[in-house]
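Undergrad: Dropping a structure here in structure tokens format, bear with me for questions.
Where a number appears in this text, it was derived from the coordinates with a stated rule and is not lab data. On a predicted model such as this, the values are computed, not experimentally measured, just so you know. A quick note on method: Cβ atoms are made from the backbone with ideal geometry, for glycine too, and the neighbour counts reach across all protein chains shown.
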Amino acid sequence: MVSLTCAFEKKPNILFIAIDDLRTELGCYGSPIARSPNLDKLAKEGRLFDRAYCQQSICGPSRASLMTGARPDEIGVVENTAYFRELNPEIVTSPNIL
């Protein structure tokens, strides 16, 4: 018999894939030219997001926003030349939590 305490203490089994600048150029999104059989299979067996948004159209601010949950203008990362840790040494990012 498994106790409820043990069941709730287990960490969830989550795979999160974030890709910059990919757009929807994969077979699972209907791209006629992309060949992505492994990601297509993963999308079919898991969860496929059909509406995605980004905080900024360039990678640095978008990544910093994703990892902190804060808007780029709140953390001062609004261009690729801004260094997140120099501007925000105290912020805990999502990888730090996991």
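Undergrad: Just to check I understand the Karplus step: with θ = phi - 60° and J = 6.51 cos²θ - 1.76 cosθ + 1.60, what whole-Hz values come out for segment 26-40, glycine and proline as x?
TA: Per-residue couplings from phi come out as 9, x, 5, 9, x, 5, x, 10, 6, 10, 9, x, 6, 5, 5 Hz.
Undergrad: Can you run phi through the Karplus equation (6.51, -1.76, 1.60; θ = phi - 60°) for segment 51-61 and list ³J(HN,Hα) in whole Hz, with x for Gly and Pro?
TA: 9, 10, 9, 10, 7, 8, 7, 10, 5, x, x
Undergrad: Mind checking the alpha-carbon convex hull of the chain and giving the volume per residue in Å³?
TA: So the per-residue Cα hull volume is 146 Å³.
Undergrad: Relative contact order, percent, of the chain when contacts are C-alpha pairs under 8 Å separated by at least 6 residues?
TA: Answer for the chain is 15 percent.
Undergrad: Right, something else. Determine the dipole magnitude for the chain: charges of +1 sit on the beta-carbon of Lys and Arg, -1 on that of Asp and Glu, nothing else is charged, the reference point is the Cα centre, and the result goes in debye to the nearest 20. Let's see the in-between values first.
TA: Values: 11 positive and 12 negative charges, 92 e Å.
Dipole magnitude for the chain comes out near 440 debye.
Undergrad: What's the long-distance tail for segment 12-52, i.e. % of Cα pairs beyond 17 Å? Mind showing how you got there, number by number?
TA: Numbers: 231 of 820 pairs.
Looking at segment 12-52, the distances longer than 17 Å represent 28 percent of pairs.
Undergrad: Any idea which of S62, G46, I97 is furthest toward the positive side of the dipole for the chain, if Lys and Arg beta-carbons carry +1 and Asp and Glu beta-carbons -1?
TA: G46
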